[in-house]
Amino acid sequence: MNVKPDFSKHANHAETAPAFLSVWDMHAYYGESYIVQGVNFNVHEGEILALLGRNGAGKTSTLRAIARTGSPQVTHGEIWLDHQPLHKMSSHEAASVGLGLVPEDRRIIPGLTVEENLQLAQIAPPVGWSLERLYELFPRLGERRKQEGVTLSGGEQQMLAIARALARDLKVLLLDEPYEGLAPVIVDEIEKTLRIIKEQGITTILVEQNAVRALQLADRAIILDTGSIVFDGTAAEVLENAELRSEYLAI
């Protein structure tokens with residue numbers, strides 16, 4: 001008889017150690033569909049966390065729930081960012097305290113140039129990320145600052161979406177499928193940027209179907225299965241555990 005592997009010993013059940021971002025017993029629904037089922041995890045400042053799982057496992061839903069988008073509907077649980085209760089905030093309030101979501105569709109604003117997209121997002125006066133500093137981080141955007149944002153290539157739009165999040169004095173960057181549709185050379189550029197962002201102390205949670213690339217970048221990994229955490233440990237542990245990868249990531 002085949003016995004399903006048990007990786008639950010790795011699961012991080014409501015850690016009590018101080019963390020920069022903490023999610024405690026979070027439950028969320030789309031209508032009557034129970035999508036996020038009692039998720040608990042901590043993320044430390046400056047850490048890159050890969051949030052992985054098969055299609056439908058609840059990855060994007062978890063990211064959107066943290067960002068307070070209103071969909072899915074969070075019915076129970078607490079989310080704390082740097083001692084501030086995100087679970088009591090709207091998405092706008094969460095953004096104002098340093099949470100930035102870059103969705104899969106990037107949501108570049110039509111009719112606005114690269115620079116205007118950034119200026120619209122930027123707090124006044126800029127605290128950490130001036131336009132000049134953003135252009136140093138993303139030279140391609142500096143070269144195209146007067147070009148309409150929606151006319152950029154897919155990779156350049158992803159850079160613009162990340163830069164726009166940084167412009168809000170970001171503390172935590174939430175990335176949903178940032179590598180989707182991008183050539184490997186552009187993915188290399190995005191990853192180089194994410195490492196620089198990490199050096200600045202910014203925390204990143206990354207949802208990505210290209211699990212191997214995500215694991216090679218990340219410090220830690222959480223694997224979801226049907227809305228629940230089945231693994232919480234180092235990215236290296238996942239890369240070294242063929243049984244775990246096969247069971248939950250199909251790689």
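When the chain is treated as a GNM with alpha-carbon contacts under 10 Å, the residue of Glu132, Glu78, Glu148 showing the greatest mean-square fluctuation is Glu132.
When the chain is treated as a GNM with alpha-carbon contacts under 10 Å, the residue of Leu152, Leu134, Leu120 showing the greatest mean-square fluctuation is Leu120. For the options Ala183, Ala235, Ala218, a Gaussian network treatment of the chain with springs between C-alpha atoms closer than 10 Å singles out Ala183 as fluctuating the most.
Residues Ser22, Ser61, Ser246, Ser91, arranged from fewest to most other Cβ atoms within 10 angstrom of their Cβ, appear as Ser246, Ser91, Ser22, Ser61. Nearest 500 deg cm²/dmol is fine: what mean residue ellipticity at 222 nm does the chain get from its DSSP H runs of n ≥ 4 alone, each adding -39,500 (n - 2.57), divided by its residue count? Only helices count here, giving -9000 deg cm²/dmol.
Relative to the longest principal axis of the Cα atoms of the chain, helix 184-199 runs at roughly 90 degrees. Compared with the dominant Cα axis of the chain, that is its longest principal axis, helix 154-166 is turned about 90°. Summary of the geometry: segment 106-154 and segment 235-251, compared by the centres of their Cα atoms, lie 37 Å apart. Distance between the 7 Å Cα→Cβ label points at Asp25 and Arg133: 3.9 nm. Remark: Arg164, Arg133 ranked as Arg133, Arg164, counting other beta-carbon atoms within 10 Å and listing the fewest first.
Annotation: the antiparallel percentage among DSSP beta bridges lying fully within the chain is about 60.
Read the figures in this text as sums done on the coordinates, not as results from a lab. Worth saying up front: this structure is predicted, and the values here are computed from it rather than measured. Here the Cβ is made from the backbone with ideal geometry for all residues, glycine too, and neighbour counts use every protein chain on show.
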